[in-house]
2 protein chains.
Amino acid sequence: MSDDNVVYVGSKKGPMDYVLAVVTQFNRGSEDVVLKARGGAIGRAVDTAEITKNRFMQNLEILDITTGTEELENEDGSASNVSSISITLGESN
Amino acid sequence: MSDDNVVYVGSKKGPMDYVLAVVTQFNRGSEDVVLKARGGAIGRAVDTAEITKNRFMQNLEILDITTGTEELENEDGSASNVSSISITLGESN
């Protein structure tokens, strides 16, 4: 899967910005779109998937959800662990 | 599955409180434990699953993750939608 299919969800924009990004990817012909988020943005990635499915693309399915742990380097050089999520969305036939 | 296997993750306690609840459920003989969270606590549910798996129960697997949308009634009687997550954890053989 090319990185073109990935929408990175952060904490600064509202869910609707990410919903628009997902819908745009499908309209450009992507067969699936992967939402990726870390830490405090994980809930927003779930919001994005649910809003897209319920309000904009009724034939959308959540194909897969995986979680992970990533190590981030702090400003002082120490390391922190942060959880991550990947939500794969695809259109049903 | 009985409700005894469900750990509801909120925003008030730290992740370690929920990790302890999950480990306790398995120690009492549960074959699987389901973490449930809504809205801002969704990220904490993912943290709980990841910390339990990585630090406390190396034979733990995430068996299933599902998301949903629930309608909450506000104090003024209006309704708001909130996303939810269910993470099913089980021990691998």
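Each reported figure results from applying straightforward, stated rules to the coordinates on display, with no laboratory input. All values reported here derive from a predicted model rather than from experimental measurement. Heads up, the Cβs are rebuilt from the backbone with ideal geometry, glycines too, and the neighbour counts pull from every protein chain shown.
Points worth noting:
- Derived scalar couplings between HN and Hα for segment B:5-14 equal 8, 9, 10, 8, 9, x, 9, 8, 8, x Hz in order, rounded to whole Hz, by the Karplus curve 6.51 cos²θ - 1.76 cosθ + 1.60 (θ = phi - 60°), x for Gly and Pro.
- Rounded Å value of the spacing that divides the Cα centres of segment B:11-80 and segment A:53-93: 16 Å
- Each copy carries B:Tyr8; placing its label point 7 Å along the C-beta direction from Cα gives inter-copy distances of 3.7 nm, listed from smallest up.
- In a DSSP loop and with at most 13 other Cβ atoms within 10 Å, the GluC sites (Glu not before Pro) in segment A:29-93 are A:Glu31, A:Glu75.
- Taking A:Leu63, B:Leu89, B:Leu72, A:Leu35 and counting other C-beta atoms within 10 Å, the order from fewest to most: B:Leu72, A:Leu63, B:Leu89, A:Leu35
- Burial ordering of B:Asp4, A:Asp64, fewest other beta-carbon atoms within 10 Å first: B:Asp4, A:Asp64
- For A:Phe56, the point set 7 Å out from Cα toward Cβ sits 3.8 nm from its twins in the other copies, listed from shortest up.
- Taking one quarter of the surface of the convex hull spanned by the alpha-carbon atoms of segment A:39-86 gives a direction-averaged projected area of 3.8 nm².
- B:Leu63 long-range amide H proximity, modeled H, under 5 Å: B:Thr88, B:Leu89, B:Gly90
- Helix B:42-51 axis, angle to chain B major axis (alpha carbon atoms, nearest 10°): 10 degrees
- Each pair of Cα atoms in segment B:3-91 enters the Kirkwood radius, and Stokes-Einstein at 20 °C and 1.002 mPa s then converts it into a translational diffusion coefficient of 159 µm²/s.
- In Hz, Karplus ³J(HN,Hα) per residue of segment A:56-72 (6.51, -1.76, 1.60; θ = phi - 60°; x = Gly, Pro): 10, 9, 5, 8, 7, 10, 7, 7, 7, 10, 10, 10, x, 10, 10, 9, 10
- With contacts taken as Cα pairs under 8 Å at a separation of at least 6 residues, chain A carries a relative contact order of 31 percent.
- Distances between copies of A:Gly68, taken at a point 7 Å out from Cα along the Cα→Cβ vector and listed shortest first: 2.9 nm.
- CD proxy at 222 nm, helix term only [per DSSP H run n ≥ 4: -39500 (n - 2.57); per residue of chain A; nearest 500]: -7500 deg cm²/dmol
- Amide hydrogen neighbours beyond the local backbone of A:Val7, cut-off 5 Å, H modeled: A:Val34, A:Leu35, A:Lys36
- Closest approach of a chain B beta carbon to the axis mapping chain B onto chain A (residue, whole Å): B:Ile65, 2.
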